[in-house]
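Below is one structure; the comments refer to it alone.
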Amino acid sequence: MQSKWSIEKLGNVVEDLTSSRFFEVGDNDKIIEPTISSKTHTIDTRKELLGKDVRVKKRVKLLPGDLIFARLHTQNGLFAFCDKEYIATQTFVPVKINEKKIDREYLFFALRVFIKNLAASGDSVGRETYKPRQILDLEIPLLPLPEQKRLVAKIKEIEEKVGGIKKESQLLRSRGSNITKTIAEHIFEKIKSVVKLGELTSRITKGESPKWQGFNYQNDGPLFITSENVLWGNIDISEAKHIPPKFHQKLKRSQVNRGDLLVNLVGASIGRAALVREELGDANINQAVAVITTNSKKILPEYVLRFLLSPVAQERIQASRVETARPNISLSDLRKLEIPFVDIEEQKRIVKYLSAIEEKQRSLNQEIEKRNMLSTALLPSVLSKAFRGELLSQ
C-alpha cells in the first residue's frame with residue numbers, strides 16, 4: 001500500500017453502543033426482530049411478537065443509522081446499516097460511526113473485504129460467536145477522508161456500470177422471449193382453417209387422486225405427475241410422487257406415454273403445457289392434469305404444443321376458466337379448443353422454424369447468463385483492488 005494508507009482498528013472509528021441500548025422488555029412491548037441478508041448486507045424484519053412471548057427479556061435496541069453486526073459465527077460476521085427501530089437479542093451489536101474519521105460508504109465497502117478476518121470463539125452455550133471486542137479489534141485500511149470519498153466514487157461508478165450490464169441483460173432476455181411469442185402468435189393467427197382439438201385426438205382425459213380410491217403415495221413405483229410437475233414446455237419429475245402399481249393399473253385411461261401432451265387444468269398454473277418427449281416408464285396423472293394423445297396421421301403433438309404455448313391459445317384457454325375456489329378449465333373446454341389446422345408437411349415446417357428460433361433464444365440466454373456471472377464476480381475483484389491501493393492509482 002502507498003504511504004497515505006494506515007491500518008486502524010475498527011474501534012478507533014466507531015463506538016460500541018451495546019451497553020447503552022440494553023433494556024428489559026415488558027410483556028406488552030412490541031418486538032420487531034431483525035435479520036441480515038448475506039447477499040445484500042441489508043437488514044429486514046424476521047418476525048414480530050410481544051414481550052410476553054419471548055423467554056429472554058434482556059434485549060438490545062437498534063436504531064436508524066446504526067451499523068449492525070451479527071455476532072453468531074453461523075452468520076459469518078454479517079453487517080448492515082439499520083433503517084428503522086428493531087428490538088434484537090444480544091447476538092446483534094450496534095455501533096455508531098465517527099463520520100469525522102471515516103465515510104459510511106467507505107466503511108461499508110471495506111467491511112465487505114475485511115470482515116472475513118474475524119475469528120470466532122466458543123461461548124458458554126457451545127455456539128461460536130464474535131465478541132464485541134473482537135469486532136472492534138478488526139483491522140481495516142484507512143485513507144484521509146477526502147481520499148475515502150474519492151475511492152467510494154470510483155467504486156460506485158464501477159458498481160453502476162455493473163448494474164447497467166445486468167439491466168441490459170434482463171432487457172435482452174425479456175425481448176428475446178417476447179419475440180419468440182410474437183412470432184408464434186403471428187404464425188397461428190394467419191392460419192384461417194381451424195379444427196377442434198377433440199377431432200384431432202384419440203384421447204383427452206384426466207386422472208384421479210389415489211386417496212379417493214384408498215391408496216397412498218409411496219417411495220417408488222409408477223410416477224404420479226401433478227400440475228407442479230408440468231411447466232411451460234417441459235416436465236420436471238425430479239420431485240414427482242409415486243403410486244402403487246395396483247392404482248396405476250386401475251387408472252389405465254390416464255396412463256402417460258411418450259408423445260402425449262399434458263395440460264394443467266386447475267389453479268394458478270392453468271394452461272401450462274408440455275410434451276412427454278422421452279419414455280418415463282409407468283406414469284400416471286392426477287385430476288388437475290389432462291393427458292392428450294393426438295392422432296398422428298392428422299396432427300403432430302409438437303405442433304399442438306407450440307400452439308398451446310402461444311399467446312393465441314393461452315388467451316382462449318384463460319377465457320374458458322371458471323372462477324371457483326380453485327379456478328379451472330374442463331376437459332370439454334380442451335376438446336372444443338380450436339386449433340389452426342394445416343397439413344402435416346406445413347406443421348413440420350412451422351415446428352422446425354419455431355424450434356430454430358427457440359434454440360437461438362436458448363443460446364442467447366446462455367450468453368446472457370455467462371455475462372451476468374462475470375459481472376457479478378467483478379465487484380469483489382474491484383473491492384480487493386480498491387483496498388490494495390490499485391484503483392486510485394488508475
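The values are calculated or read from the model by the stated rules, or taken from the named source; none is laboratory data. Because the structure is predicted, anything quoted here is derived from the model rather than measured. Here Cβ is always computed from backbone atoms with ideal geometry, including for glycine, and neighbour counts include all displayed protein chains. Calculation scope for accessible area: heavy atoms of the full protein, side chains included, ligands and nucleic acids excluded. Shrake-Rupley method; radii C 1.70, N 1.55, O 1.52, S 1.80 Å.
When the helices in the chain are scored as -39500 (n - 2.57) per DSSP H run of 4 or longer and the sum is shared across all residues, what 222 nm value do you end up with, to the nearest 500 deg cm²/dmol?
Numbers: 9 runs with 139 residues, N = 394.
Value at 222 nm, helices only: -11500 deg cm²/dmol.
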### Difference of contour (0.36 nm per residue) and Cα-Cα distance, Arg104 to Arg253
46.9 nm
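Which net charge results for the neighbourhood of Glu99, defined as the other residues with beta-carbon distances under 14 angstrom from its beta-carbon, given Lys and Arg at +1 and Asp and Glu at -1?
Details: positive: Lys96, Lys100, Lys101, Arg104, Lys149; negative: Glu15, Asp66, Asp103, Glu105.
Overall, the nearby charge balance is +1.
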### Task
Report Tyr353's accessible area, 1.4 Å probe, all protein chains in place, as a number in Å² to the nearest 10.
110 Å²
### Message
Using a 1.4 Å probe on the protein heavy atoms, what percent of the accessible area of the chain belongs to carbon and sulfur?
### Response
50 percent
### Query
With Cβ to Cβ distances under 14 Å as the rule, what net charge do the other residues near Phe224 carry (K, R +1; D, E -1)?
-1
### Query
Among Thr324, Thr18, Thr42, which one shows the biggest mean-square fluctuation in a GNM of the chain, springs joining Cα atoms closer than 10 Å?
Thr324
### Query
Using a basic spin-label model with each label point 7 Å from the Cα along Cα→Cβ, how many nm lie between Val195 and Gln366?
3.7 nm
### Task
Would you list, by chain and number, the lysines whose Cα falls below 22 Å from the Cα of Lys192, excluding same-chain residues fewer than 8 positions away?
Lys181, Lys297, Lys298, Lys336, Lys348, Lys352
## Note on the structure
Pseudo-spin-label distance Lys47 to Trp5, built 7 Å along Cα→Cβ, given in nm, is 4.4 nm
### Query
If you place +1 on the Cβ of every Lys and Arg and -1 on the Cβ of every Asp and Glu, how big does the dipole about the Cα centre of region 227-320 come out, in debye to the nearest 20?
420 debye
### Task
Looking at the chain, send over the antiparallel percent of its DSSP beta bridges, to the nearest 5.
95 percent
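Over 32 Å between Cα atoms, which of Lys30/Lys131; Lys30/Lys149; Lys206/Lys370; Lys57/Lys84; Lys39/Lys131; Lys96/Lys166 qualify? Write down the numbers at each step before the final one.
Values: Lys30/Lys131 27 Å; Lys30/Lys149 39 Å; Lys206/Lys370 41 Å; Lys57/Lys84 21 Å; Lys39/Lys131 23 Å; Lys96/Lys166 34 Å.
From the list (Lys30/Lys131; Lys30/Lys149; Lys206/Lys370; Lys57/Lys84; Lys39/Lys131; Lys96/Lys166), the Cα-Cα distance tops 32 Å for Lys30/Lys149; Lys206/Lys370; Lys96/Lys166.
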### Message
Just the number please: accessible area per residue for the chain, 1.4 Å probe, all protein chains included, in Å².
### Response
54 Å²
### Task
Find out how many positive minus negative residues lie around Leu334, taking Lys and Arg as positive, Asp and Glu as negative, among other residues whose Cβ is under 10 Å from that of Leu334.
+3
